[in-house]
1. Would the stretch A:158-167 turn up any residue that is modelled with pLDDT of 95 or more and not hydroxyl-bearing (Ser, Thr, Tyr)?
2. Which members of the stretch A:114-152 meet the condition of being small (Gly, Ala, Ser) and closer than 30 Å to residue A:18 by Cβ?
3. Can you give me the number of residues within the stretch A:132-154 that are over 16 Å from residue A:289 (Cβ atoms) and either surrounded by fewer than 20 Cβ atoms within 10 Å (Cβ to Cβ) or not aliphatic (A, V, I, L, M) (or both)?
4. Are there strands (runs of 3 or more DSSP E) fully within the stretch A:250-319 with at least 1 residues that are more than 13 Å from every other protein chain (Cβ to nearest Cβ)? List them.
5. So which strands (runs of 3 or more DSSP E) are wholly in the stretch A:394-483 and hold at least 3 residues that are out of contact with any His (no Cβ under 8 Å at 6 or more places or on another chain) and within 30 Å of residue A:186 (Cα to Cα)?
6. Taking the stretch B:234-257 on its own, how many of its residues are surrounded by fewer than 16 Cβ atoms within 10 Å (Cβ to Cβ), assigned to a helix (DSSP H, G or I) and either over 21 Å from the mean Cα position of the chain (by Cα) or within 14 Å of chain A (Cβ to nearest Cβ) (or both)?
Amino acid sequence: MSKIQWSEYACDGFYDELLARPGEPHPAASMLCDYLSELGGRELAELKNAAEVAIQVMGITFTVYSEGSMIDRAWPFDIVPRIIPLDEWQKTEAGLKQRVQALNLFIDDLYHDQRIIKDKILPAEVLAQSVNFRKQCVGINPPNNIWAHICGSDIVRDKDGTLYVLEDNLRVPSGVSYMLENRNVTKRILPELFQTGRIQPVDDYTGQLYDMLVSMSPRPGDDPQVVVMTPGIYNSAYFEHSYLAQQMGVELVEGTDLVVDDDDVVHMLTVDGLKRVDVIYRRVDDLFLDPEVFNPESALGVPGLMRAWRNGKVALVNAPGAGVADDKVVYAFVPEIIRYYLSEEPLLANVPSYLCMRDDDRKYVLDNLDKLVVKPANESGGYGMLVGPHATKKERAAFAELIKANPRNYMAQPTLNLSTTPTLIEDRLEPRHVDLRPFILSGKNSTEVTTGGLTRVALNKGSLVVNSSQGGGSKDTWIVDLK
Amino acid sequence: MLSRVAENIYWLARYLERAEDTARLINVTSNLLLDFPRTTRLDWDSLVVISGAEEIFDEHYDTRSADNVLNFLCVDQHYPGSIISSLDAARENLRTTRDILPREIWEELNTLYLDMHRQAENGITSRKRDAIMKRVIRSCQTINGVIEGSLSHTQVHTFLMLGRNLERGDMTTRIIDVRSANLLPRNTDDLTPFEGLQWMSVLKSLTGYQMYRQQVRLRVKGPDVLRFLLQDEYFPRSVASCLGQLSYELEDLPGHDEAQALVDKTLSLLINANLVSLAYEPDSLHDFVDELQISFNELHQAIAEQYFSGAYRSQSQSSAA
């Protein structure tokens with residue numbers, strides 16, 4: 001079996017995360033590329049096999065629910081790490097902190113004075129039509145005025161190497177457990193490369209998460225009781241809920257484990273009786289949290305939970321209503337939001353966005369549907385989207401009617417040429433498109449960003465879909481110090 | 001420990017024990033049948049009767065033939081007490097709690113579960129019966145071994161033991177009930193040649209024959225066997241020994257007064273039993289077994305009220321009063 005020839009790696013036409021051009025690795029990636037070029041197809045297959053065994057032994061799974069039954073699938077993992085140089089990452093990190101700080105001020109403002117609307121930065125109609133604005137949250141002061149404690153922002157890189165924030169997930173972002181486990185697997189299969197001491201560690205996350213959660217406690221003097229709240233085993237992210245609870249050494253609860261008493265204090269039901277709960281890291285969507293306030297049919301929630309939160313008896317992380325800033329139309333205003341609240345220029349770029357509610361923008365979008373990606377404001381996971389260049393004429397015509405009927409609900413962006421990175425396909429390394437999801441923690445005293453994040457890769461040739469349920473995989477992400 | 005988790009753990013242990021003991025119950029009946037002449041009224045029908053499952057059985061089967069009853073008790077998912085239903089339920093309870101239990105338990109149970117579903121597709125015949133029952137019993141014993149060898153004695157262990165011993169005691173009474181369920185002619189003369197055989201197979205189904213022989217050196221007789229299965233302190237499947245274990249485990253838990261009182265009440269019921277009349281009067285044995293099963297059910301209720309979701313309801317009631 002022949003050895004890997006980087007000169008034959010066809011990365012032309014896109015920015016590649018490891019190679020500047022065929023045969024020429026970026027400086028931060030040279031140690032990895034040199035190491036891999038010593039290997040042939042058989043050794044690569046052995047590494048891949050070792051990774052699969054490790055994943056099985058460690059029990060890393062994600063859940064697919066289909067046709068009424070539940071399947072735990074092994075986590076799809078690619079052994080070739082994606083590399084970002086430390087100096088570039090530090091700039092990205094600063095940009096993410098700035099972004100999340102501004103978003104927290106923005107959410108707090110929307111639920112109080114709404115200065116940003118009075119000052120005509122954000123049109124009132126954007127808020128009026130937001131499906132994630134919760135009127136039940138108006139006037140509430142969550143601990144430290146933080147609403148989005150955990151944010152997962154999706155970052156992509158365009159052809160010229162510029163990093164763009166594609167979206168901010170402020171509701172119940174997932175994936176961080178896979179970031180941590182990807183590192184554990186990679187350490188097992190490529191131990192030699194970690195001995196250089198240049199790869200920055202990632203394993204502090206659960207400690208930081210726990211500290212942040214504790215800092216939200218309404219009873220800081222006492223020993224705060226923190227819990228992770230899950231919708232249950234049928235949720236696709238149940239592995240992560242259970243993983244995080246275990247790593248932090250806290251209870252993993254379901255709605256039925258919690259009760260709110262007449263004094264609005266939240267307790268969990270234990271064999272030793274009731275135990276007070278101070279901080280709930282909830283992985284249940286807003287609308288299912290409390291049947292007294294939201295969906296009365298919800299069996300996942302806890303009656304009275306919003307009452308307890310409103311009266312400051314418990315901290316909910318993320319705060320209900322934080323999703324108001326997790327909206328594709330609000331997204332377009334983030335640069336303005338940063339300038340408005342922080343009086344700073346944004347450090348990280350937003351993808352240029354056209355808002356169909358604006359007459360000029362809408363005209364441009366309708367005239368250029370074949371070049372644009374059009375997204376509905378409040379869907380996540382890639383649903384209800386039009387990818388113009390890949391759509392038929394008929395599909396574009398139908399979508400044009402949707403836009404005209406409800407312009408506020410749509411925004412459009414140019415199609416980006418997402419960067420690629422070498423990925424093991426059979427016994428060869430081929431370029432595949434990737435994105436990156438770092439996680440940002442906002443606590444009482446500090447804002448922390450994960451070292452890198454979760455790199456997701458579209459395993460099918462030419463595909464841009466990175467979701468694990470649709471042929472996506474993931475990789476370890478290395479932040480490498482060149483000094 | 002969360003009440004919900006405790007409840008899952010407790011039911012996991014109960015369902016595992018139920019699967020194992022149902023396999024034992026099937027084996028005792030099969031062995032009895034092989035040894036008895038055609039003139040006796042003993043047949044597979046009685047297993048359906050003592051399982052209290054006549055209605056659901058008749059809904060799905062025309063005749064109470066050996067193969068039908070075997071399939072019903074082993075692999076019929078319509079019957080919640082079948083081995084396969086018990087394994088399904090055990091597995092569902094383990095799903096949410098697998099993170100706190102040794103990993104091998106999941107692997108063993110999952111393999112057994114998949115095997116039984118494969119058997120279900122092929123149907124169970126009398127010829128395969130013994131091997132399949134042994135397979136079930138062995139896997140359950142393996143899981144008990146893993147628990148014994150690698151699970152710390154925390155509350156997780158406590159609730160496993162509570163579930164296991166409550167179910168085991170209850171199932172031992174059901175296996176004894178095989179003796180009383182109109183299996184044999186009432187005429188003592190007809191019965192004599194088979195009496196020893198019958199009691200021996202009851203013992204064997206509980207792997208109690210060896211232990212019994214070590215303690216009782218006379219030939220196998222009804223009152224001695226009943227004393228051994230009901231009152232013996234040392235044999236782990238005897239009802240008294242299960243109650244002793246329950247009492248021991250409850251001692252570590254807060255708020256155990258009601259449950260402990262029920263254990264004591266059941267123990268005194270056992271101690272005061274008239275074993276001779278129970279051994280020779282099938283009807284009074286059946287009534288006595290009923291009484292024990294009611295006690296076990298009360299004990300379960302007390303545990304559920306105190307430690308599972310019932311805890312909050314009773315506390316909020318008492319604080320409102």
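1. Yes: one or more hits.
2. Of the stretch A:114-152, the ones small (Gly, Ala, Ser) are A:124, A:128, A:130, A:139, A:148, A:152.
If the condition is that a residue be small (Gly, Ala, Ser) and closer than 30 Å to residue A:18 by Cβ, then A:152 is the only one that fits.
3. Qualifying residue count, the stretch A:132-154: 10.
4. Working: elements: A:251-253, A:258-260, A:266-270, A:273-276, A:279-282, A:315-317.
Where strands (runs of 3 or more DSSP E) fall fully within the stretch A:250-319 and carry at least 1 residues being more than 13 Å from every other protein chain (Cβ to nearest Cβ), they are A:273-276, A:279-282, A:315-317.
5. On the way: elements: A:410-414, A:420-425, A:428-437, A:439-442, A:447-449, A:454-458, A:472-480.
Those strands (runs of 3 or more DSSP E) span A:420-425, A:428-437, A:447-449, A:454-458, A:472-480.
6. 1
Residues are listed down the side, and each one gets a yes or a no for (1) in contact with a Ser or Thr (Cβ under 9 Å, 6 or more places away or on another chain); (2) surrounded by fewer than 24 Cβ atoms within 10 Å (Cβ to Cβ):
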{"site": "A:425", "(1), (2)": "no, yes"}
{"site": "A:434", "(1), (2)": "yes, no"}
{"site": "A:437", "(1), (2)": "yes, no"}
{"site": "A:443", "(1), (2)": "yes, yes"}
{"site": "A:470", "(1), (2)": "yes, yes"}
{"site": "A:473", "(1), (2)": "yes, yes"}
{"site": "A:477", "(1), (2)": "yes, no"}
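Conditions tested, residue by residue: (1) at pLDDT 95 or above; (2) in the same structural domain as residue A:224 (by TED's automatic domain parsing); (3) touching a strand residue (DSSP E or B) at 6+ places or on another chain (Cβ under 8 Å).
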residue	(1), (2), (3)
A:280	yes, yes, yes
A:294	no, yes, no
A:297	no, yes, no
A:300	no, yes, no
A:306	yes, yes, no
A:313	yes, yes, yes
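The values are calculated or read from the model by the stated rules, or taken from the named source; none is laboratory data. Predicted, not measured: the structure shown is a model, and the values here were computed from it. All Cβ positions, glycine included, derive from the backbone under ideal geometry; neighbour counts span all protein chains shown.
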